[in-house]
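Trainee: I'd like to ask you about the structure that follows.
The values are calculated or read from the model by the stated rules, or taken from the named source; none is laboratory data. Since we're looking at a predicted model, the values are computed, not measured. Ideal geometry is used to build each Cβ from the backbone, glycine not excepted, and the neighbour counts take in all protein chains shown. To get the accessible areas, we keep the full protein, side chains included, count just its heavy atoms, and leave off ligands, DNA and RNA. Shrake-Rupley method; radii C 1.70, N 1.55, O 1.52, S 1.80 Å.
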Amino acid sequence: MSEILRVERVTKVYGNGILANDKVELSVKKGEIHAICGENGAGKSTLMKMLFGLEQPDEGEIYVKGQACKITSPSVAIGLGIGMVHQHFMLVDELTVAENVVLGYEPKKGLVIDWDKAADMTREVGRKYNLEVEPGLLVGDISVGLKQRVEIVKALLRGAEILILDEPTAVLTPQETRELFAELKHLRDAGHTILFISHKLGEVKELCDRITIMRAGHTVGTYEVADLSEADISRMMVGRDVVLKIDKAKAAPGEVELSVRDLEYTGDLGKKALRGVSLDVRKGEILGVAGVEGNGQRELVEIITGLREGATGTVTLEGFPLLGASIRESRRRGMAHIPSDRMVYGVAKNQSISFNILAGKTQDERYTGKVLFKSRAIERDMEALAREYTVKCESAQQTVGMLSGGNIQKVVVAREMSSNPTLLVADQPTRGIDVGAAEFIRRRIVAMRDEGTAVLLVTADLNEALELSDSIVVMRDGEIVAYYPDTGDLSEEELGFYMLGVKRQTKEEVSGVVHG
Amino acid sequence: MEELFSVIGNAAFAASILRVTTPILLAALGAAVASQAGCLNMGLEGIMLFSALTGVFVSSLTGSAVWGSWAGLAAGVLIGGALGALLGYLVLTLKTDATLAGVALNTIGSNGTVFLLYVWTGSSGISSSHKSFVLPDLEIPLLKDIPVLGTIFSGQNVVTYLAFALVLALIFFLYKTPLGLRIRAVGLNPDAADSVGINVVRMRYLAYILSGVLAGIGGAYMSMGYVSWFARDMTSGRGFIALAASAMGRSTPVGTTVASLLFGFTMALSNSMQTLSIPYELVEAVPYACTIVALSVYAYHQVRKSKKARK
């Protein structure tokens, strides 16, 4: 197989002085699926941005098919046969599939766009590569999996031979992921080259031929995937052995802290999102809520934390009714919430780390006098918290938006945990962040449990659900379909059966999660 | 009341709606084009004033009754496009705030035209001391002989026909041509447009220039069709009414046209009511009051719809 893409000693320093890529080397063969792995902030995204013309290298050379290239813009990249599927889809929801596919590349009939031809082109690429999508549908109306397919079709139609996929499975259900992998293998067999960026080592092992590992802006090396175990890969990514198992003592659950009874909720599109959910979370226990995303977990969390109204049933925190209570009231009574979307609900990204940790504590007389903030106390304590939660920064005055995902999440965790909650609702607390930060956050959650905090952990990550939870419920289609009081004797496979609806427990078994 | 109805029920009143709507419609289309590309053109008022003055000045300079007004229109369009480009340069290249840049342009438009008018004519109020020419009215064969319809639709100024032709042209441009699709894509999701190699800044420049051209035609019409002179602040808020019309019409050509006609109706009504024995100030306030009412109704409707969507 011949080399199609070569990166030689590429260095990139951002304006703020951050050395994102330091003499990076990469060699990709035609017709392979090549994984790029590394922690957040290892420089993967920067490298991909340079390959797609969104950033320019300061030093070094990029060769496409043996030719040295200056990739100065996405159109140059497209011209060289490089296509990219971004993590956040680059689609216009208000336009149709065909309109999105041909955008910037429109077939013409005289002065006007030839819509029939556009639809035909979309169908043709779809047929050829097993990526069929109905051209007339509005992109805003189709599923995430289909949107991703549209993105791939878009790139292929523009003649992409090298496809860059940036964490493509982060937004997909397990079924959609399987479909995507089949599609990608089909594309590889048709002679396309795929660069696959991922955090999920299992997926890399399953899908990829070779792997390039990056760490702290350097390339560690390129290997045949078959020669490495997941543990090998993770060791090279973080430069030490990541403990894939969390050490924790057996839980000693106390009294019921959070109690949910017969919770019913009908969602935006008239679909019943919650059908009579009942559960208890006890002090000193981590109750995991597992399930394929979109089975009511999000609604459950938003109703408990007060972000969503309109549910029936009861939710009580130590007997205090939470439905209809203000968020300030429920926080005052001991609730903390690590939201799933840190950029929307977690932080104010243009504000400092210090401000973000302080938020929610502004009523505290340690930090607020009669009129003004006590800035010295704030500075001292927030700085200390940032350090305690190992937020990588020069000072707590730095803007949150400048940090990597893992460090932003640590800021959120620092704020929520430092309010000494009696109930912590952690919604996807480690999604999309590097292994080191994820491990740190999991340890802190266990430590809180040991101090007697009740933790409701919602996660789509099976490993995390099994590793971190003391007991676990599985949600499917708005219902609790399984309850395991002890995760010790539960396998990933068994959990999958319940998540995907192969099995379900009886009402009696499920009702075990109601303790009081 | 009876008097009022006799005024409104008149074919001449219907004709006057079209006449009054013309400048609002043109400027509103300008606002709509900018908004389709995700840009705000707050400077419509200023652009209209400059174009109105330029049109009169150039047509007067030529001294030709035959083509002087056409040269004036061309000059007005040119200056409109140039000011659109200037706004684009301020907002897109120098990255100033679009609202502030627009307000600045309006302020310069209001005072700068008076200054230039004074330099040119020695009067700071009106240009009537210098003879300028108007764009012709068009009698439409056959149509003009049909009662009522003939009165309404024939004998309008050439720019009025042009304005409605431009509505069709804009629909064609935005929804049928590649460039139109790209402009809309840039407005809907600039990142998506950028990722397929569309130059977002260039598209937005184009939108600002088109916006300026459309407002420029509207401005030239004010001084060379609506009346035959330039007077200080003669646009009296039409640029802002146009923004409201574009917002109400969701920036689609058809919606914007319907909204513009609504505002045109209220202005025509206000003009006609001046013949009745109602206090002048009250009559003058009618279009602006209607703007507030219409916007409130529209906003109420939007809020209810989004609430429904959320439920």
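Trainee: Kindly provide the set of residues from the stretch B:270-280 that are out of contact with any helix residue (DSSP H, G or I) (no Cβ under 9 Å at 6 or more places or on another chain) and part of a helix (DSSP H, G or I), ordered by number.
Mentor: The answer is B:Y280, and nothing else.
Trainee: Right, here's the next one. Output the number of the condition that B:D233 fails; it satisfies all remaining conditions of (1) within 14 Å of another protein chain (Cβ to nearest Cβ); (2) open to solvent by 20 Å² or more (accessible area, probe 1.4 Å); (3) on the phi > 0 side of the Ramachandran plot.
Mentor: (1)
Trainee: Separate question: When only residues in the stretch A:361-388 that are open to solvent by 40 Å² or more (accessible area, probe 1.4 Å) and touching a strand residue (DSSP E or B) at 6+ places or on another chain (Cβ under 9 Å) count, which is modelled with the highest pLDDT?
Mentor: By that ranking, first place goes to A:K374.
Trainee: I would also like to ask the following. Across the stretch A:332-345, what is the number of residues that are crowded, with 18+ Cβ neighbours inside 10 Å and modelled with pLDDT of 90 or more?
Mentor: Adding up the residues that qualify gives 6.
Trainee: Looking at (1) within 14 Å of chain A (Cβ to nearest Cβ); (2) open to solvent by less than 20 Å² (accessible area, probe 1.4 Å), can you tell me which one B:M222 breaks?
Mentor: (1)
Trainee: Another one. If I go through the stretch B:181-202 residue by residue, how many of them are touching a Pro at 6+ places or on another chain (Cβ under 9 Å) and either open to solvent by 20 Å² or more (accessible area, probe 1.4 Å) or more than 9 Å from chain A (Cβ to nearest Cβ) (or both)?
Mentor: Total satisfying the criteria: 3.
Trainee: How many residues, within the stretch A:83-142, are within 15 Å of A:R158 (Cβ to Cβ), open to solvent by 90 Å² or more (accessible area, probe 1.4 Å) and either within 12 Å of chain B (Cβ to nearest Cβ) or of a type in the set (S, T, Y) (or both)?
Mentor: Qualifying residue count, the stretch A:83-142: 1.
Trainee: Taking the condition of being polar (S, T, N, Q), in a helix (DSSP H, G or I) and surrounded by fewer than 24 Cβ atoms within 10 Å (Cβ to Cβ), how many residues in the stretch B:37-91 meet it?
Mentor: 2
Trainee: Just checking, which of B:G264, B:G216, B:G225, B:G239 is within 29 Å of B:V77 (Cα to Cα) and at pLDDT 95 or above?
Mentor: It is B:G216.
Trainee: Starting from residues that are open to solvent by less than 30 Å² (accessible area, probe 1.4 Å) and in contact with a Gly (Cβ under 9 Å, 6 or more places away or on another chain), keep the ones in the stretch B:169-180 and report whichever is nearest to the other protein chains (Cβ to nearest Cβ).
Mentor: B:P178
Trainee: From the list B:V254, B:V283, which residue is assigned to a helix (DSSP H, G or I), β-branched (V, I, T) and buried (at least 17 other Cβ atoms within 10 Å of the Cβ)?
Mentor: B:V283
Trainee: As an exercise: evaluate A:S326 against (1) surrounded by fewer than 18 Cβ atoms within 10 Å (Cβ to Cβ); (2) on the phi < 0 side of the Ramachandran plot; (3) in contact (Cβ under 8 Å) with a residue 40 or more places away in the chain and give the number of the one condition it does not meet.
Mentor: (3)
Trainee: So, one more: Identify all residues within the stretch A:172-229 that are in a helix (DSSP H, G or I), at pLDDT 90 or above and among the β-branched types (V, I, T); write none if there are none.
Mentor: A:V225
Trainee: Which of the residues that make up the stretch A:156-171 are open to solvent by less than 10 Å² (accessible area, probe 1.4 Å) and touching a strand residue (DSSP E or B) at 6+ places or on another chain (Cβ under 7 Å)?
Mentor: Result: A:A160, A:I162, A:L163, A:I164, A:L165, A:P168.
Trainee: In addition: With in contact with a strand residue (DSSP E or B) (Cβ under 8 Å, 6 or more places away or on another chain), farther than 24 Å from A:P168 by Cα and not small (G, A, S) as the only criterion, which of A:E94, A:E106 stands out?
Mentor: One residue alone meets the criteria, A:E106.
Trainee: Kindly list the number of the only condition in (1) assigned to a helix (DSSP H, G or I); (2) facing chain B (nearest Cβ under 10 Å); (3) aliphatic (A, V, I, L, M) that fails for A:V150.
Mentor: Unmet for A:V150, out of (1) assigned to a helix (DSSP H, G or I); (2) facing chain B (nearest Cβ under 10 Å); (3) aliphatic (A, V, I, L, M): (2).
Trainee: Restricting to the stretch A:81-99, name every residue that is within 22 Å of B:I183 (Cα to Cα) and among the polar types (S, T, N, Q).
Mentor: Across the stretch A:81-99, the qualifying residue is only A:T96.
Trainee: Given the options A:V391, A:V473, name the one that is in contact with a strand residue (DSSP E or B) (Cβ under 9 Å, 6 or more places away or on another chain), among the β-branched types (V, I, T), modelled with pLDDT of 90 or more and open to solvent by less than 50 Å² (accessible area, probe 1.4 Å).
Mentor: After applying the criteria, what remains is A:V473.
Trainee: Same structure, new question: Need the failing condition index for A:K128 against (1) at pLDDT 90 or above; (2) not in a strand (DSSP E or B), just the number.
Mentor: (1)
Trainee: Can you name the residue in the stretch A:56-77 that is modelled with pLDDT of 90 or more and within 14 Å of another protein chain (Cβ to nearest Cβ) and, of all such residues, is surrounded by the most Cβ atoms within 10 Å (Cβ to Cβ)?
Mentor: Checked the stretch A:56-77; the qualifying residue surrounded by the most Cβ atoms within 10 Å (Cβ to Cβ) is A:A77.
Trainee: Is it the case that the stretch B:121-143 has a residue that's exposed (fewer than 15 other Cβ atoms within 10 Å of the Cβ), in contact with a Gly (Cβ under 6 Å, 6 or more places away or on another chain), assigned to a loop (DSSP other than H, G, I, E, B) and at pLDDT below 95?
Mentor: Scanning the stretch B:121-143, I find at least one residue that is exposed (fewer than 15 other Cβ atoms within 10 Å of the Cβ), in contact with a Gly (Cβ under 6 Å, 6 or more places away or on another chain), assigned to a loop (DSSP other than H, G, I, E, B) and at pLDDT below 95, so the answer is yes.
Trainee: Hey, another quick one. So is B:A34 surrounded by 24 or more Cβ atoms within 10 Å (Cβ to Cβ), at pLDDT 95 or above and under 17 Å from B:H130 (Cβ atoms) or not?
Mentor: no
Trainee: Another question about this same structure. Hey, B:T151 hits all of (1) more than 27 Å from B:I8 (Cβ to Cβ); (2) open to solvent by 40 Å² or more (accessible area, probe 1.4 Å); (3) away from every other protein chain (no Cβ under 14 Å); (4) of a type in the set (S, T, N, Q) but one; which does it fall short on?
Mentor: So the condition that B:T151 fails would be (1).
Trainee: Hey, any hits in the stretch A:29-51 for a residue that's within 10 Å of chain B (Cβ to nearest Cβ) and within 26 Å of B:R202 (Cα to Cα)?
Mentor: Scanning the stretch A:29-51, I find no residue that is within 10 Å of chain B (Cβ to nearest Cβ) and within 26 Å of B:R202 (Cα to Cα), so the answer is no.
Trainee: Open to solvent by 30 Å² or more (accessible area, probe 1.4 Å), within 30 Å of B:N10 (Cβ to Cβ), part of a helix (DSSP H, G or I) and more than 9 Å from chain A (Cβ to nearest Cβ), is that true of B:A165?
Mentor: Here the answer is yes, as B:A165 does meet what is asked.
Trainee: Answer yes or no as to whether A:G276 is modelled with pLDDT under 95, away from every other protein chain (no Cβ under 14 Å), surrounded by 15 or more Cβ atoms within 10 Å (Cβ to Cβ) and out of contact with any Ser or Thr (no Cβ under 8 Å at 6 or more places or on another chain).
Mentor: When the stated conditions are applied, A:G276 does not pass them.
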